[in-house]
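First comes the structure, then the notes that go with it.
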Amino acid sequence: MRTVWLSGAEWAAVLRIGLGLWWLESWRHKDRKGWFERGTGITWAAGIAREHRWPAVRTGFEKVVAPRPRLMAYVVVYAELALGLGLVSGLLTPVALVGGLLLNLFYLVLMIHDWAEQGQNAMMALISLVALFAMSWQTWSLDHAIGLFP
C-alpha cells in the first residue's frame, strides 16, 4: 500500500500507539482516591444504570457491578492502565485491542444517552477494530520483537 511518509503498517502502529495514549490519559485523569476510597466512579455509574432506558443494563449492573463496587472500581481503573501500557508498548496487542473494544462497547451501552461519551467510545472502538484487523502489532511492538502473534 502506498501512503505518504509512513508505510501502511507504520500508520496502523501509529493508530495503536495513539489509542494506547488515549487509554493512559483516561487512567491518568481519574480521581483514583475517589474511585477506591469513596466509590465515586461506581456510584456515578450506578445512577446512570438506574435511569437507563434498557432494562438489561439496569439488571446487569445490579447483578454484576453493584454487589462488588470496590472490586469493579479496581477492575475499571487498572484495565484502562493495562490497555494503555499494552497498546503503547505493543505487548499482547491483540488481547489489549479486544479488551479495549469490549470495554468501549460496555461504556457505549452504559452511556447511550450522552453524545459526548458516545463519540469518544465509538471512535476508540473503531480504532481498536482497524488496529486489530490491520495487525498493528507487526510494527514498533514488543510482540513483533519477541515473535508473538506473527
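Quick grid of which residues meet (1) more than 19 Å from residue 142 (Cα to Cα); (2) of a type in the set (Asp, Glu); (3) under 12 Å from the mean Cα position of the chain (by Cα):
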| position | (1), (2), (3) |
| --- | --- |
| 10 | no, yes, no |
| 50 | yes, no, no |
| 54 | yes, no, no |
| 76 | yes, no, yes |
| 81 | no, no, yes |
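Exactly one condition in (1) touching a residue at least 60 places away in the same chain (Cβ under 8 Å); (2) open to solvent by less than 80 Å² (accessible area, probe 1.4 Å) is not met by residue 34; state its number.
Residue 34 satisfies every listed condition except (1).
Can you work out which of the residues in the stretch 95-131 that are among the aromatic types (Phe, Trp, Tyr) and open to solvent by 50 Å² or more (accessible area, probe 1.4 Å) is modelled with the highest pLDDT? Full working, then the answer.
Of the residues in the stretch 95-131, the ones among the aromatic types (Phe, Trp, Tyr) are 106-107, 115.
Then drop every residue that is not open to solvent by 50 Å² or more (accessible area, probe 1.4 Å), which leaves 106, 115.
Values: 106: 93, 115: 72.
Top of the filtered list is 106.
Looking at this structure, is residue 105 assigned to a helix (DSSP H, G or I), of a type outside the set (Gly, Ala, Ser) and within 13 Å of the chain's Cα centre (by Cα)? Talk me through it step by step, then tell me what you get.
Details: assigned to a helix (DSSP H, G or I): yes; of a type outside the set (Gly, Ala, Ser): yes; within 13 Å of the chain's Cα centre (by Cα): yes.
Answer is yes for this residue.
Mind counting the residues in the stretch 49-94 that are assigned to a helix (DSSP H, G or I) and either surrounded by 12 or more Cβ atoms within 10 Å (Cβ to Cβ) or in contact with a Lys or Arg (Cβ under 6 Å, 6 or more places away or on another chain) (or both)? Talk me through it step by step, then tell me what you get.
Going residue by residue through the stretch 49-94, those that are assigned to a helix (DSSP H, G or I) are 49-50, 55-65, 69-89, 93-94.
If we keep only those that are either surrounded by 12 or more Cβ atoms within 10 Å (Cβ to Cβ) or in contact with a Lys or Arg (Cβ under 6 Å, 6 or more places away or on another chain) (or both) too, we end up with 49-50, 57-62, 65, 69-70, 72-89, 93-94.
So the count comes out to 31.
The values are calculated or read from the model by the stated rules, or taken from the named source; none is laboratory data. What you are looking at is a predicted structure, and each value in this text was computed from that prediction instead of being measured. Counting neighbours? That spans all protein chains shown, and the Cβs are built from the backbone with ideal geometry, glycine included. We work out accessible area using only protein heavy atoms, side chains counted, and drop any ligands, DNA or RNA first. Shrake-Rupley method; radii C 1.70, N 1.55, O 1.52, S 1.80 Å.
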